[in-house]
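The values are calculated or read from the model by the stated rules, or taken from the named source; none is laboratory data. This one's a predicted model, so the numbers in the text were calculated from it and none came from an experiment. Heads up, the Cβs are rebuilt from the backbone with ideal geometry, glycines too, and the neighbour counts pull from every protein chain shown.
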Amino acid sequence: MTAPADRSRTALVESCQGLVRSLAVQVGRKFHGRFELDDLIAYGQVGLAQAAKDFQADRGTQFSTYAYYRIRGAIYDGIARMNWGGRPTQEARFQQHAGDVLEQNAEEPTAGAGQDDARWFTGITSRLAVVYLASGAGGESAIEARAAETAAPSAAMQNRELYEKLHAVIDKLPEEQRSLIRMTYFDGLTLHEAAQKLGFSKSWASRLHAKCLATLAADLRQVGLAD
């Protein structure tokens, strides 16, 4: 006999089948058909199943909102694992890590009105700005490659300065935070894989990740890198 919890999870999964396909199509278009739609849907189904397992209705979040980021993140995780053209593109890395940020945000209480909304928006955009910088600066070679594409010495110098400032502020983080950031942005691990390697739960790693990004955003502003 099927347990009530299992029936509930099955119902949640069935309710979002259209969302899985929609997100798979949306992501696939970003890569101009380089990945099979069926593969992207399969990765999305993994994210949906995990969302249904972890979802807690008493937090006040709609399941479709919660599942959206899990599905999208799982699709990008799948793309990151595919051996297409070597390392994942900056866009794939950014979308993968941005999904982690937005997923964590979806689990937090909704911001209030007025100034609280403005503060929330500033915070989330600051974190996403750091994600974008780190996703494109996973190593000196990545920055040098972008500079070479521009064929401009001034751009090379600017990229070198960006690289040095970003790594300098990361080096100032506490050890476990520094390890988490380096594993997820420089070593090619997903947040879940980094959490397992460090002995953290995924939820704890997500909260630590958000804290790291907020700290890095503040530190980067202090050294002259605006959001």
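When the stretch 91-123 is filtered for residues that are among the aliphatic types (A, V, I, L, M) and modelled with pLDDT under 75, the ones remaining, listed by number, are A92, A106, A111, A113, A118. Answer with yes or no whether Y76 is touching an Asp or Glu at 6+ places or on another chain (Cβ under 9 Å) and modelled with pLDDT of 80 or more. Criteria not met by Y76.
In this structure, A11 does satisfy being at pLDDT 85 or above, outside any loop (DSSP other than H, G, I, E, B), hydrophobic (A, V, I, L, M, F, W, C) and surrounded by fewer than 16 Cβ atoms within 10 Å (Cβ to Cβ). Only residues that are farther than 18 Å from T10 by Cβ and either of a type in the set (D, E, K, R) or not in a helix (DSSP H, G or I) (or both) were counted in the stretch 22-61, giving 14.
Is it true that some residue in the stretch 37-53 is modelled with pLDDT under 85, more than 24 Å from T184 (Cβ to Cβ) and of a type in the set (A, V, I, L, M)? Checking the stretch 37-53: not a single residue is modelled with pLDDT under 85, more than 24 Å from T184 (Cβ to Cβ) and of a type in the set (A, V, I, L, M). Inspection of the stretch 5-18 finds a residue satisfying the criterion of being touching a residue at least 40 places away in the same chain (Cβ under 8 Å) and within 20 Å of D77 (Cα to Cα).
Here W84 fulfils each of the conditions (1) outside any helix (DSSP H, G or I); (2) modelled with pLDDT of 75 or more apart from (2). A residue that is free of Cβ contacts under 8 Å to residues at least 24 places away in the same chain, under 14 Å from S135 (Cβ atoms) and not hydroxyl-bearing (S, T, Y) occurs nowhere in the stretch 196-203. Looking at this structure, is A168 assigned to a helix (DSSP H, G or I), in contact (Cβ under 8 Å) with a residue 24 or more places away in the chain and surrounded by fewer than 17 Cβ atoms within 10 Å (Cβ to Cβ)? It is true that A168 is assigned to a helix (DSSP H, G or I), in contact (Cβ under 8 Å) with a residue 24 or more places away in the chain and surrounded by fewer than 17 Cβ atoms within 10 Å (Cβ to Cβ).
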